[in-house]
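Note sheet for the following structure.
The values are calculated or read from the model by the stated rules, or taken from the named source; none is laboratory data. Being a predicted model, the structure only gives us computed values, none of them experimental. Cβ atoms come from the backbone with ideal geometry, glycine included; neighbour counts cover every protein chain shown.
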Amino acid sequence: MVSLVRSAQLDDATAIARVHVATWRSAYRGLLPDEFLASLSQSHYEERWRRSLQDNQARVYVAEHAEGVVGFASGGRERAGESGYAGELYAIYVLEEAQGHGHGRRLVQAVVSGLREMGLADMIVWVLRDNSLARGFYERLGGAYVRSQPISIGSAQLEEVSYGWKSLDDLRY
C-alpha cells in the first residue's frame with residue numbers, strides 16, 4: 001500500500017472528517033461509551049477541520065493512496081503550557097485497515113518537518129492511558145513518558161498520558 005503524505009488543503013476537510021470519525025469509532029471502542037462514539041458527526045468534524053485549515057494555526061497533513069485519504073496528522077505550538085515543550089503533535093489517526101503500512105511514521109515525519117519550519121525543536125503528545133496501540137507507537141518512536149492527568153470525554157472520566165521528545169532529532173522512525 002503505497003501512500004503519499006502531503007499538506008492538507010481546504011478541500012480535504014471532508015476526507016479528514018471521515019477518517020476522524022471512523023478512527024475514533026475503531027480506536028476508542030471499549031474505551032469510550034458506545035453512545036458517545038455513535039453520536040460523532042462527520043458534518044461537525046468537517047466544519048471543524050474546514051476552520052482549522054483556514055486559520056493556519058496548525059500544520060495538517062494527510063496520507064493518501066489510490067483510494068483516497070487513509071490518515072491525517074496535525075501539530076503546532078504546544079497548547080497547554082506544558083513546561084519544557086514548545087511543539088505538540090495534536091492528533092494522528094490512520095484508518096484501521098491502513099495501519100501497519102508506515103502511514104503513521106510518515107505523518108509524524110511530516111509534522112516534525114512542520115514544527116522545524118516553525119522554529120520548534122521538541123514535541124509532546126497526549127494519548128489515552130488505555131490506548132495501548134497508540135502508546136506502543138509513541139514508545140517505538142522514542143517518546144519518553146512525561147506525566148498523566150485526568151480527562152473527560154463525553155460522560156467518560158479517563159486518564160491521559162503524555163510522551164515527549166526533548167529534541168526532534170530523538171525521534172526514531
Please enumerate the residues belonging to region 2-45 that are hydroxyl-bearing (Ser, Thr, Tyr) and in contact with a Lys or Arg (Cβ under 8 Å, 6 or more places away or on another chain). SER3, SER7
With SER152, SER113, SER162, SER148 as the choices, which residue is small (Gly, Ala, Ser) and closer than 16 Å to TRP24 by Cα? SER152
Which of (1) farther than 24 Å from VAL127 by Cβ; (2) touching a Ser or Thr at 6+ places or on another chain (Cβ under 6 Å) does THR14 not meet, given it meets every other one? (2)
Take ARG106 and decide whether it is of a type in the set (D, E, K, R), exposed (fewer than 15 other Cβ atoms within 10 Å of the Cβ) and closer than 27 Å to GLN9 by Cα. no
Test ARG106 against the stated conditions and say whether it is farther than 19 Å from LEU168 by Cβ and at pLDDT 95 or above. no
What is the residue count in region 86-106 for residues that are in a strand (DSSP E or B), out of contact with any Leu (no Cβ under 6 Å at 6 or more places or on another chain) and not β-branched (Val, Ile, Thr)? 5
Could you pull out the residue among LEU128, LEU158 that is within 24 Å of GLN109 (Cα to Cα), surrounded by 14 or more Cβ atoms within 10 Å (Cβ to Cβ) and aliphatic (A, V, I, L, M)? LEU128
Looking only at region 1-60, filter to residues that are buried (at least 16 other Cβ atoms within 10 Å of the Cβ), aliphatic (A, V, I, L, M) and in a strand (DSSP E or B); which one of those is nearest to the chain's Cα centre (by Cα)? VAL60
Any hit, region 89-97, residues being surrounded by fewer than 21 Cβ atoms within 10 Å (Cβ to Cβ), over 25 Å from TRP49 (Cα atoms) and aliphatic (A, V, I, L, M): no
I'm told SER83 meets every condition in (1) closer than 24 Å to GLU159 by Cβ; (2) of a type in the set (Gly, Ala, Ser); (3) not in a loop (DSSP other than H, G, I, E, B) except one. Can you identify the failing condition by its number? (3)
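Yes or no, residue by residue, for (1) touching a residue at least 12 places away in the same chain (Cβ under 8 Å); (2) more than 16 Å from the chain's Cα centre (by Cα):
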residue: ARG116; (1), (2): yes, yes
residue: GLY119; (1), (2): no, yes
residue: TRP126; (1), (2): yes, no
residue: PHE137; (1), (2): yes, no
residue: ILE151; (1), (2): yes, yes
residue: VAL161; (1), (2): yes, no
residue: LYS166; (1), (2): yes, yes
